[in-house]
Amino acid sequence: MSNRMTPQEGDKSRESRPAPDFSKFMVHDSFINSISFPSATGEEPHRLSRQQLEETAAALSERDRGILTAVQRYRYLLTGQIQRLYFYSSATPTAAHRAAARALKRLRGLGLVDHLARRIGGVRAGSGGLVWHLTHAGERLLRLHEQTTSPVRRFFEPSPFFLSHALAVAEVAVHLTEICREQHGMKLTALQPEPECWRTYSEYGSMLSLKPDLFAITVSGQYEDRWFIEVDLATESPSKVVDKCERYHKYYRSGLEQQEAGVFPLTVWIVPTVERKEKLIKHIREAFDKQPRLFTVITKDELWALVCQGGEGGTLC
């Protein structure tokens, strides 16, 4: 199990990058209501033929495709998150934001992406608060040459909870990408959102599913660490969290992950506050006393220390 919790010698001090801020994803009135409509402009988008999609695909840059794929994988992304993933090499943050906004405006003009009508943080957030999703045409373009018979996923207006959780998970993924990109000698060799990271196992003849929010593999020097990541916005009772932890213990006892990878990933619960962290640690330890310690509970600003330095042993439970 990858539960390395002690600092490595020679680790650099933490850079001054801000940790993911979950608070903005917990303000429900920043989101659009649940009324469904075709696009943020209220206009019915025209359908692109396969030939038009082929021509559009041929004109896309590698970065354009990367943006579309990222939006597809995480379902929803903010302009600022896309900026941090694909425009980080710009001379200034302002230049990066403008470049990201131009790219998204172009992709929207091609009918491949659209944004929700309201911004995270309200109108004062500007274009940085826009929430982007793929259109039906965008989904079809990415699947032009896939050998699949499954239907193309259509857009439905998300509920406030679903959207807030999806954006918070995406924020952790972006922050983890930044950590491994900026930390010398560290690599992010796998990063899988759901449903890519889901696992199946059997219990008494029944097939069950384990559904983490993210799965990641980080490599630093001689260490390879594997992580299941759960993003908690303090919307569930501790008993619900313990129920989810029980599924991890059942999957651990199946031995499937250990047979394939040799180790069992450490499950990281990322929570919004210290109070929530202490509460979950207490409940998980009480529920799984004298059982293998499969979990660590951290606040959002402790991710860097966990990934780069092993975190604090006192958070294992």
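Every read-out reported here was derived from the displayed coordinates using simple, explicitly stated rules and does not represent laboratory data. If you're wondering where the values come from, they're calculated on a predicted model, not measured in any experiment. Backbone-built Cβ (ideal geometry, glycine too); neighbour counts: all protein chains shown.
Sort ILE229, ILE298 by Cβ crowding within 10 Å, fewest neighbours at the top. Walk me through the numbers on the way to the answer.
Details: ILE229 24, ILE298 18.
Fewest to most other Cβ atoms nearby, the residues stand as ILE298, ILE229.
In which sequence would MET207, MET186 go, from the one with the fewest C-beta neighbours within 10 Å to the one with the most? Could the numbers behind the result be given before it?
Values: MET207 8, MET186 18.
If I rank by nearby Cβ atoms, fewest first, I get MET207, MET186.
Beyond 31 Å between alpha-carbons counts as too far, so tell me which of LYS187/LYS282; LYS187/LYS240; LYS211/LYS282; LYS187/LYS290; LYS105/LYS211 fall in that bin. Please list the in-between numbers first.
Details: LYS187/LYS282 33 Å; LYS187/LYS240 33 Å; LYS211/LYS282 23 Å; LYS187/LYS290 34 Å; LYS105/LYS211 34 Å.
Too far apart for the 31 Å limit: LYS187/LYS282; LYS187/LYS240; LYS187/LYS290; LYS105/LYS211.
Test of understanding: ordering ASP289, ASP243 by Cβ neighbours within 10 Å, fewest first, what list do you get?
Listing ASP289, ASP243 from fewest to most nearby Cβ atoms yields ASP289, ASP243.
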